[in-house]
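One structure is given below, encoded as structure tokens.
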Amino acid sequence: MALAEKPDEEAANTLKVLDKQIDIANKIVSDLLDFTRIKPPTQVRADLKSLIDESLSWITPPEHVNVNVNLNGKPKWIKTDPEQMGRVFSNLISNAVQAMNGKAGEVNISTETDEDYVAVIFQDTGCGIPEENLEKIFEPLFTTKPKGIGLGLAISKRLVEQNGGKIDVASQEGKGTTFTVKLPIEQRS
């Protein structure tokens, strides 16, 4: 209130930094709470294309990153919790964009199906994950990001598994990473 009358540039900058740090602390606490109390899924019939489109709408990739979507054929219906899968997809897309480290690259999202499952494949041309870290990336609190807290992939894995699916990763350092999320197809009688 005192600053409103006489704005001091240094004080205003300090308040901006404090505000930003409070937002970061709030996200850390929220992520920790989410990890410890993930609610059971409310599975419904969901359109895979809509889930991917909605997840993409939450992220604004920089101009130097192209995002391509190829759903390989007819629409896929899955039985899942759309909110939870949207969270997984947006986390994987966000991670893929961040893996570019400010360089030009691509994120390709595609699908493959068999009789029981649809695989949603998130492939990036980013920095890749060192082989020694591949075993650790789904562990809570493991991160290589300077501002990360290591819960995004741990939560994503838990959400996918709660919805009857599984998540796999393949990576080559310097060439990119591929995450594959396999989810059960809704069986129509």
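The values are calculated or read from the model by the stated rules, or taken from the named source; none is laboratory data. Remember, it's a predicted structure, so these values are computed and weren't measured experimentally. Positions of Cβ are generated from backbone atoms using ideal geometry, with glycine treated the same way; all protein chains shown enter the neighbour counts.
Looking across the stretch 105-152, the residues that are touching a residue at least 12 places away in the same chain (Cβ under 8 Å) and either among the small types (Gly, Ala, Ser) or not assigned by TED's automatic domain parsing to the domain that holds residue 90 (or both) come down to 105, 110, 119, 126, 128, 152.
At least 3 residues being closer than 19 Å to residue 179 by Cβ is the threshold, and among the strands (runs of 3 or more DSSP E) wholly inside the stretch 35-151 those reaching it are 65-70, 105-113, 117-124.
For the structure I just gave you, tell me whether residue 91 is in contact with a Leu (Cβ under 9 Å, 6 or more places away or on another chain) and within 22 Å of residue 27 (Cβ to Cβ). Answer is yes for this residue.
Restricting attention to the stretch 124-138, which residues are more than 15 Å from the chain's Cα centre (by Cα) and charged (D, E, K, R)? Once the filter is applied, which keeps residues that are more than 15 Å from the chain's Cα centre (by Cα) and charged (D, E, K, R), the stretch 124-138 yields 131, 132, 135, 136. Restricting 92, 153, 183, 134 to residues that are hydrophobic (A, V, I, L, M, F, W, C) and more than 23 Å from residue 38 (Cα to Cα) narrows the list to 134. Taken over the stretch 90-131, residues that are under 13 Å from residue 64 (Cβ atoms) and β-branched (Val, Ile, Thr) amount to 3.
Residue 28 meets all of the listed conditions (1) at pLDDT below 90; (2) among the β-branched types (Val, Ile, Thr); (3) under 26 Å from residue 118 (Cβ atoms) but one, namely (3). Answer yes or no: is there a residue in the stretch 172-186 that is assigned to a helix (DSSP H, G or I), touching a strand residue (DSSP E or B) at 6+ places or on another chain (Cβ under 7 Å) and either modelled with pLDDT of 95 or more or small (Gly, Ala, Ser) (or both). No: zero hits.
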